[in-house]
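Have a look at the structure below, then the notes.
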């Protein structure tokens, strides 16, 4: 049950959250010491005459160092749909930079989140139902170990293995072969898939155990539920008890976890993208932060914030749909 | 001549705990007669619920049925419940023996509509016929309207949930209904209603009811026979009428004298029973009630329980049956 009142309150909460996030997004990159003009240009040209620097500063909108002035400009431009021009990818606009990076990230993270949540729920359901056995204890301990491994460490290990020992089996960097031109041809698509295998595998390997353990824990608690005893007494086959009674109830908290994970898909996988030189949002963010590209950082943060707010919203609605007890008022 | 529908012989159920095995049922033997209401009465930990769960083999780890036999006397022959294979056990449950659980609030699957929880049971037992009509029929017997079918458990009150679980328990037309404290979680008014509908249904459907309760007054109002449980065994079994009038076991007598009735003297102190039941982790020699019994004497410690009698008609596990009741009366 979702009422109109609920939608109204939720929307106003979302707007307040967005405004706060906007302010923080704006301030954070500008609190990093340094000047973007020097950071970007002096690494390229070593020396620029002062009047050139002044010129660039005014082009970047930095001629007035007052944060308040810049914030006003930022908000005004934002409401005109203008996220500004990227300093690093000058003269590309921020929207353009995001548009070229986002599809790669959506593909990489969308696929790996889908795979890992699916595997996670299925494996978690199984080990949760068989909890207490020696096998289950071993698998759970293994998963706990896997979730605590950093993404980039696995990524580096894979690169090492596939660069040194299993050479030419799988590409270890980039999103597609440099000899190909992006197009909808079989050769290009195949190249994209091959390039994504290692990053996706890395992401799945480290994130599916998290879903599994959450599912396992909620499954274990199901064993104590009286409706499970009744189902057993009723003579329901075990397969159906697991599916319709235990897993159906255990999946509720996990569903929220999964939807939120999809919300973070747009954020990219910072370390994995950097290690595999994958041209996604994580990669763009890395460049933006290290070169003090304020507009690009702001743009990416804004996109992430909005998506996460929307994902929260969707997860609430999905929860109400999955659990008849939840009423969203 | 008796015609039992369930014969329980020398049943031992233990719970393995870190501090030792708890012998929840100790060499328990009991007969349940066809068509009767047998009330199992006892305090917490006396093994009454464990018996109900043992009959349907619902005892889960760390519990275990270690020995004994439970025989279901079907029209077409005897079924040894403890020897059934798991698939056979699954088919046996509910269509022969069903159960109403104590925890009415949590026995229904919260994410499924009521009708779904009936239909999956019918499907599990390959019952034919019109499912909807069947659901409506049993909901009506349990005192509920058919609109309940489409509802979710959280939309029902506690009493309605318990009625749904009664309807569920009857829906596959079993011969035996085990009611494990079906009214404990409910308020007195609803309790009364539920009890009278169980009795009404019992008459209509020719059921055998095993009614588990800690409430002697509830038991005496509905049962044909009573089995008084203490420390994992029945210490006295007999017809409700006889047992209430002249209790033979000191425990029964003391329980009865601690009951309040409308003609209890208002100024008198309520009689209570001192002490606690024995530790079931340790083997018990002789009579289990000895430590709390005012009539205890050395001979009680060697009282022999081993014959493992089956209690069809009256039975009492005491070396001086009836004496306590006479003494209580003398004091009054």
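The values are calculated or read from the model by the stated rules, or taken from the named source; none is laboratory data. Small disclaimer: the values here were computed from a predicted structure and weren't measured. In this analysis, Cβ positions are derived from the backbone assuming ideal geometry, glycine residues included, and neighbour counts consider all displayed protein chains.
Quick notes on this structure:
- The set of residues in the range B:243-266 being out of contact with any strand residue (DSSP E or B) (no Cβ under 7 Å at 6 or more places or on another chain) and within 15 Å of residue B:296 (Cα to Cα) consists of B:250, B:253, B:254.
- Residue within the range B:156-170 that is more than 19 Å from residue B:47 (Cα to Cα), over 18 Å from the mean Cα position of the chain (by Cα) and in a loop (DSSP other than H, G, I, E, B) present: yes
- All positions within the range B:152-178 that are more than 13 Å from chain A (Cβ to nearest Cβ), touching a residue at least 40 places away in the same chain (Cβ under 8 Å) and within 30 Å of residue B:75 (Cβ to Cβ): B:173, B:175
- Of the residues in the range B:180-197, at least one is under 12 Å from the mean Cα position of the chain (by Cα) and part of a strand (DSSP E or B).
- Out of B:182, B:234, sole residue that is touching a residue at least 12 places away in the same chain (Cβ under 8 Å) and within 17 Å of residue B:30 (Cα to Cα): B:234
- Selection status of residue A:261, within 13 Å of another protein chain (Cβ to nearest Cβ) and in a helix (DSSP H, G or I): no
- Condition broken by residue A:173, with the remaining ones in (1) more than 14 Å from every other protein chain (Cβ to nearest Cβ); (2) over 25 Å from residue A:100 (Cβ atoms); (3) outside any helix (DSSP H, G or I); (4) in contact (Cβ under 8 Å) with a residue 40 or more places away in the chain satisfied: (2)
- Within the range A:219-253, the set of residues being touching a residue at least 60 places away in the same chain (Cβ under 8 Å), in a helix (DSSP H, G or I) and within 14 Å of chain B (Cβ to nearest Cβ) comprises A:220, A:222, A:242, A:246, A:247, A:250, A:251, A:252.
- For the range B:261-269, the count of residues that are closer than 30 Å to residue B:14 by Cβ and under 26 Å from the mean Cα position of the chain (by Cα) is zero.
- Residue match in the range B:106-128 (condition: more than 14 Å from every other protein chain (Cβ to nearest Cβ) and either surrounded by fewer than 18 Cβ atoms within 10 Å (Cβ to Cβ) or in contact with a helix residue (DSSP H, G or I) (Cβ under 8 Å, 6 or more places away or on another chain) (or both)): yes
- Every pair of residues 6+ apart whose Cβ atoms lie under 6 Å, when the first sits in the range B:73-92 and is within 14 Å of chain A (Cβ to nearest Cβ) while the second is in a helix (DSSP H, G or I) and surrounded by 12 or more Cβ atoms within 10 Å (Cβ to Cβ): B:84/B:92
- For the criterion of being in contact with a strand residue (DSSP E or B) (Cβ under 9 Å, 6 or more places away or on another chain) and either touching a residue at least 24 places away in the same chain (Cβ under 8 Å) or more than 16 Å from residue B:213 (Cα to Cα) (or both), residue B:30 passes.
- Scoring residue B:149 on the criteria (1) within 30 Å of residue B:43 (Cβ to Cβ); (2) more than 10 Å from every other protein chain (Cβ to nearest Cβ); (3) in a helix (DSSP H, G or I) leaves a single failure, condition (1).
- Of all positions in the range B:129-145, none carries a residue that is within 11 Å of another protein chain (Cβ to nearest Cβ) and in contact (Cβ under 8 Å) with a residue 12 or more places away in the chain.
- Any helices (runs of 4 or more DSSP H) falling wholly within the range A:1-87 and containing at least 3 residues that are within 31 Å of the chain's Cα centre (by Cα) and surrounded by 11 or more Cβ atoms within 10 Å (Cβ to Cβ): A:4-31, A:36-45, A:67-79
- Of the residues making up the range A:16-41, those that are free of Cβ contacts under 8 Å to residues at least 60 places away in the same chain and either under 20 Å from residue A:286 (Cα atoms) or touching a helix residue (DSSP H, G or I) at 6+ places or on another chain (Cβ under 6 Å) (or both) are A:24, A:27, A:31, A:33, A:37, A:38, A:41.
- The listed residue being more than 30 Å from residue A:245 (Cα to Cα) and either within 14 Å of chain B (Cβ to nearest Cβ) or in a helix (DSSP H, G or I) (or both), out of A:123, A:97: A:97
- Any hit, the range A:92-103, residues being over 18 Å from residue A:284 (Cβ atoms) and loosely packed, with under 13 Cβ neighbours inside 10 Å: no
Listed here are the residues, each with its yes/no results for (1) in a loop (DSSP other than H, G, I, E, B); (2) more than 19 Å from residue A:62 (Cβ to Cβ); (3) within 14 Å of another protein chain (Cβ to nearest Cβ); (4) in contact (Cβ under 8 Å) with a residue 60 or more places away in the chain.
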| residue | (1), (2), (3), (4) |
| --- | --- |
| A:296 | no, no, no, yes |
| A:300 | no, yes, no, yes |
| A:315 | no, yes, no, yes |
| A:320 | no, yes, yes, yes |
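- Hey, residue A:140 within 30 Å of residue A:245 (Cα to Cα), surrounded by 13 or more Cβ atoms within 10 Å (Cβ to Cβ) and at pLDDT below 90 or not: no
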